[in-house]
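Notes follow once the structure below has been shown.
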Amino acid sequence: MPTIEERIKEIEDEIKRTQYNKATEHHIGLLKAKIAKLQMEASASHGGSHSGFAVPKSGDATVALVGFPNVGKSSLLNRLTNSESEIGDYAFTTLQPIPGILEYKGAEIQILDLPGIIENASYGSARGREILSAVRAADLIVIVTDVQAGGIDKILTELYNAGIVVNRKRRNVEIRKTTSGGIRLHRPKNVDIDEDYIKEIMKEFKLVNADVYIRENVSVEDIIETLQGRYVYIPSIVAVNKIDMNPSFDTSQVSQYGEVFRVSAKTGYGIEELKEGIFRSLNLIRIYLRNKAGVVDFQKPLIVREGTTVREVCRKINRSMIDSFRYAIVSGKNRPIGEQRVGIDYPLMDEDIVTIISRY
């Protein structure tokens with residue numbers, strides 16, 4: 001009897017053999033649903049979610065270096081951080097995750113050099129499940145390739161099979177199981193969806209009673225991801241290493257996978273641009289605090305995410321500040337006007353200077 005992995009491979013081969021067009025669209029969608037259901041069975045048979053390498057998170061954010069073996073991830077880590085990851089001209093030099101800290105613009109960003117990804121990593125090859133579990137916990141993925149490696153689509157396949165979606169936000173879909181009533185779809189009039197097709201997909205998951213809320217146009221993959229409930233959505237950028245070996249390398253062939261940075265870990269070329277790209281892609285901003293004496297420490301900003309409010313800043317400093325909060329005074333070089341008196345839910349910008357005024 002074939003294993004779950006073998007059954008998945010058979011269905012994947014059938015999808016590859018099937019020419020995609022309007023007539024085969026539904027059939028391919030149902031095949032993808034079957035694969036998703038089998039993946040859930042495979043995960044359950046291995047004890048649910050797989051524990052990853054024990055790497056304590058530290059710093060303001062975590063970045064995972066992901067790529068094939070021998071593309072220079074360890075050299076890149078050494079350039080970006082103060083770590084000493086082992087380097088070798090052979091595959092699988094890195095056998096355990098090596099963490100390092102990138103200090104940039106006042107932020108401390110944890111960079112993880114992970115063992116190389118190979119085909120079928122998502123099914124456990126070369127400790128793939130442990131590697132991919134560590135990737136799931138990252139705030140940003142840097143896909144590392146070089147001027148010879150290619151094959152980023154294979155890496156994305158392994159990530160997706162492990163429940164990791166890059167550079168795409170979660171769709172606004174909600175499925176609530178019910179005890180009766182069949183499958184009921186709720187959607188705005190401007191959302192175009194084939195209700196019978198959706199119901200067929202849900203039957204593949206043995207779901208016959210549910211309220212399905214679809215609030216935007218979605219694909220079959222979006223519905224399947226919601227049904228599986230195991231996906232994380234992580235931004236990614238691409239670092240093309242060893243660019244010194246082929247300075248004329250055409251990076252447009254990998255640009256669909258995220259913003260591309262041409263780097264050489266050997267010479268240091270492009271490293272500063274990559275640091276800036278990592279900081280920007282993490283949506284980090286710097287908040288400077290003015291103390292009671294009126295002094296602002298510009299050397300040690302509070303690092304928070306874009307969209308952070310005054311409330312979250314108070315919480316980071318001391319949760320009791322929320323109860324005693326009266327108002328805040330905000331200014332900054334990115335603001336067109338001078339100081340503003342604002343409330344606790346006011347959104348902050350990069351390099352804002354914040355003074356918290358308490359009731360007592």
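Here is how the numbers come out for the structure above:
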| item | result |
| --- | --- |
| Ile317 vs. criteria touching a strand residue (DSSP E or B) at 6+ places or on another chain (Cβ under 6 Å) and aliphatic (A, V, I, L, M) | no |
| Tally of residues being surrounded by fewer than 13 Cβ atoms within 10 Å (Cβ to Cβ) and in a strand (DSSP E or B) across region 333-346 | 1 |
| Residue in region 92-101 that is touching a Gly at 6+ places or on another chain (Cβ under 7 Å), assigned to a strand (DSSP E or B) and at pLDDT 90 or above present | yes |
| Restricting region 130-169 to residues that are assigned to a helix (DSSP H, G or I) and among the charged types (D, E, K, R), the residue that is modelled with the lowest pLDDT | Glu130 |
| Which numbered condition Tyr327 misses (of (1) of a type in the set (Ser, Thr, Tyr); (2) touching a Gly at 6+ places or on another chain (Cβ under 9 Å); (3) surrounded by 18 or more Cβ atoms within 10 Å (Cβ to Cβ)) | (3) |
| Residue identified as at pLDDT below 95, part of a helix (DSSP H, G or I) and in contact with a helix residue (DSSP H, G or I) (Cβ under 8 Å, 6 or more places away or on another chain) among Arg315, Arg311 | Arg315 |
| Ile223 closer than 30 Å to Ser264 by Cα and either in the same structural domain as Leu65 (by TED's automatic domain parsing) or touching a strand residue (DSSP E or B) at 6+ places or on another chain (Cβ under 7 Å) (or both) | no |
| Count - residues of region 277-308 that are in a helix (DSSP H, G or I), over 11 Å from Gly106 (Cα atoms) and touching a strand residue (DSSP E or B) at 6+ places or on another chain (Cβ under 8 Å) | 3 |
| Pairs with Cβ under 9 Å, 6+ apart, first in region 3-18 and under 18 Å from Lys154 (Cα atoms), second not in a helix (DSSP H, G or I) | Glu5/Asn120; Glu5/Gly124; Lys9/Pro2; Glu10/Pro2 |
| Selected residue (criterion: nearest to Ile237 (Cα to Cα)) from residues of region 276-307 that are out of contact with any Pro (no Cβ under 7 Å at 6 or more places or on another chain) and among the β-branched types (Val, Ile, Thr) | Ile278 |
| Members of region 252-272 that are assigned to a helix (DSSP H, G or I) and either at pLDDT 95 or above or closer than 18 Å to Leu65 by Cβ (or both) | Val254, Tyr257, Ile271, Glu272 |
| Residues (under 30 Å from Asp146 (Cα atoms) and of a type in the set (Ser, Thr, Tyr)) located in region 219-260 | Tyr231, Tyr233, Ser236, Ser248, Thr251, Ser252, Ser255, Tyr257 |
| Scan of region 223-268 for residues that are surrounded by 19 or more Cβ atoms within 10 Å (Cβ to Cβ), out of contact with any Pro (no Cβ under 8 Å at 6 or more places or on another chain) and of a type in the set (Gly, Ala, Ser), ordered by number | Ser236, Ala239, Ser264, Ala265 |
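Condition check ((1) part of a helix (DSSP H, G or I); (2) surrounded by 13 or more Cβ atoms within 10 Å (Cβ to Cβ); (3) modelled with pLDDT of 85 or more; (4) at negative phi) across all residues:
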{"site": "Glu5", "(1), (2), (3), (4)": "yes, yes, no, yes"}
{"site": "Asp13", "(1), (2), (3), (4)": "yes, no, yes, yes"}
{"site": "Lys16", "(1), (2), (3), (4)": "yes, no, yes, yes"}
{"site": "Ala33", "(1), (2), (3), (4)": "yes, yes, yes, yes"}
{"site": "Gln39", "(1), (2), (3), (4)": "yes, yes, no, yes"}
{"site": "Ala42", "(1), (2), (3), (4)": "yes, yes, no, yes"}
{"site": "Ser51", "(1), (2), (3), (4)": "no, no, no, yes"}
{"site": "Phe68", "(1), (2), (3), (4)": "no, yes, yes, yes"}
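The values are calculated or read from the model by the stated rules, or taken from the named source; none is laboratory data. Because the structure is a prediction, the values reported are computed rather than measured. Note: ideal-geometry Cβ built from the backbone for every residue, glycine included; neighbour counts use all protein chains shown.
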